[in-house]
């Protein structure tokens, strides 16, 4: 289809990523998604890659193929993320490493490769995912919050580095959403977290989509390096 | 997955010269890069500043991807840790790209 923009969404097999893929496919985007395991999403304009977002050769190969097929990338949504709810004294290094790889290195790698394509067309939008757990210094989420603090820092620094090519880099920080990421978190912990918000309810997928829609608007080309938390943190 | 075709020294030099053409469009008259193996890109006598080098490397990576279906990272640890930068001259860069491609075979 003519004039469709190209969007990459990481972690698009389920949850928020899946929701966003379906949403933007219906809104004039071709979507390239990825996750570790195959997706059953079969809509026109959707293509899926099975990879680990921190696997540099696999990610570079994906971008090479995107470059050859589409010749451009307009939007990157770095949604892929893993969490671990555990006291820091009981957190294995292997868990910490997994979070660092997916949340920090994966986000960095996709930003880097997407920006290489976006700089050719001198425009682009990158949206990263952070969490209110970082702003709230949430106990029991030490490594998760730390990796997302790194994502926020990346967002601000890359916003400056990529501004010369009119690429904006922003982040959205949802409050708890009912997804696999929060499934293992005890209900009372989630309720306590929601109680710290100005607006005391869980995030819904459209709340997140709304912030991303704002970042993607052509009129938002003067908005970069910003972190928007939901719920009033 | 399609197999990347073999790439020789002349191919790489051609892509570097194409990259120079593209970079020259953004440079002022007195900082134009000459299409020669002896051209200094950075360092003493070099015409590119740090941001210019970033642009140059990105464009060259992209040309390698477009023409030869090669997904390479030119600014890797090997490159930045060397005493003599592989990005100093066109000849250094050509040697370095060849070295990387041989390493990925």
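The values are calculated or read from the model by the stated rules, or taken from the named source; none is laboratory data. The structure presented is a predicted model; accordingly, all values stated were derived computationally and were not measured. No Cβ is skipped: glycine too gets one built from the backbone with ideal geometry, and neighbour counts run over all protein chains shown.
Restricting the search to the stretch A:176-211, which residues are in contact with a helix residue (DSSP H, G or I) (Cβ under 7 Å, 6 or more places away or on another chain) and under 28 Å from residue A:160 (Cβ atoms)?
A:208, A:209
Which of the helices (runs of 4 or more DSSP H) found entirely inside the stretch B:11-105 contain at least 2 residues meeting this: more than 14 Å from chain A (Cβ to nearest Cβ)?
It comes to B:77-80, B:90-104.
Are any of the residues in the stretch A:162-169 in a loop (DSSP other than H, G, I, E, B) and modelled with pLDDT of 95 or more?
Checked the stretch A:162-169: at least one residue is in a loop (DSSP other than H, G, I, E, B) and modelled with pLDDT of 95 or more.
Look through the stretch A:1-36, keep the residues that are assigned to a strand (DSSP E or B) and more than 13 Å from the chain's Cα centre (by Cα), and return whichever of them is surrounded by the fewest Cβ atoms within 10 Å (Cβ to Cβ).
A:5
When the residues of the stretch A:63-74 are narrowed to those that are free of Cβ contacts under 8 Å to residues at least 40 places away in the same chain and surrounded by 16 or more Cβ atoms within 10 Å (Cβ to Cβ), which ends up nearest to residue B:101 (Cα to Cα)?
A:64
Listed here are the residues, each with its yes/no results for (1) touching a strand residue (DSSP E or B) at 6+ places or on another chain (Cβ under 7 Å); (2) within 26 Å of residue A:66 (Cβ to Cβ); (3) surrounded by fewer than 18 Cβ atoms within 10 Å (Cβ to Cβ).
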residue	(1), (2), (3)
A:94	no, no, yes
A:97	no, no, yes
A:104	no, yes, no
A:113	no, yes, no
A:128	yes, yes, no
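Let me confirm something: among A:128, A:103, A:78, which residue is touching a helix residue (DSSP H, G or I) at 6+ places or on another chain (Cβ under 7 Å) and closer than 16 Å to residue A:6 by Cα?
Exactly one residue qualifies, and that residue is A:78.
Going by the conditions given, is residue B:89 touching a strand residue (DSSP E or B) at 6+ places or on another chain (Cβ under 7 Å), farther than 21 Å from residue A:109 by Cα and buried (at least 16 other Cβ atoms within 10 Å of the Cβ)? Before you say what the answer is, go through the steps one by one.
Details: touching a strand residue (DSSP E or B) at 6+ places or on another chain (Cβ under 7 Å): yes; farther than 21 Å from residue A:109 by Cα: yes; buried (at least 16 other Cβ atoms within 10 Å of the Cβ): yes.
The answer is yes for residue B:89.
Go through A:154, A:158 for me and flag whichever is within 14 Å of chain B (Cβ to nearest Cβ), under 15 Å from the mean Cα position of the chain (by Cα) and surrounded by fewer than 24 Cβ atoms within 10 Å (Cβ to Cβ).
It is A:158.
Considering only the stretch A:26-69, state which residues are within 14 Å of chain B (Cβ to nearest Cβ) and over 15 Å from residue A:9 (Cβ atoms).
Hits for the stretch A:26-69 are A:55, A:56, A:57, A:58, A:60, A:61, A:64, A:65, A:67, A:68, A:69.
Report, by residue number, each residue of the stretch A:115-126 that is crowded, with 20+ Cβ neighbours inside 10 Å and away from every other protein chain (no Cβ under 11 Å).
A:124, A:125, A:126 - these are the residues of the stretch A:115-126 that are crowded, with 20+ Cβ neighbours inside 10 Å and away from every other protein chain (no Cβ under 11 Å).
Restricting to the stretch A:41-80, count the residues that are closer than 18 Å to residue B:69 by Cβ and either in contact with a strand residue (DSSP E or B) (Cβ under 7 Å, 6 or more places away or on another chain) or in a helix (DSSP H, G or I) (or both). Can you show your working first?
In the first step, residues of the stretch A:41-80 are kept if they are closer than 18 Å to residue B:69 by Cβ; the result is A:47, A:49, A:51, A:56-73.
Okay, now just the ones that are also either in contact with a strand residue (DSSP E or B) (Cβ under 7 Å, 6 or more places away or on another chain) or in a helix (DSSP H, G or I) (or both), so A:47, A:49, A:51, A:56-70, A:72-73.
Final tally of qualifying residues: 20.
Might you let me know whether the stretch A:94-114 holds any residue that is assigned to a loop (DSSP other than H, G, I, E, B) and more than 13 Å from chain B (Cβ to nearest Cβ)?
no
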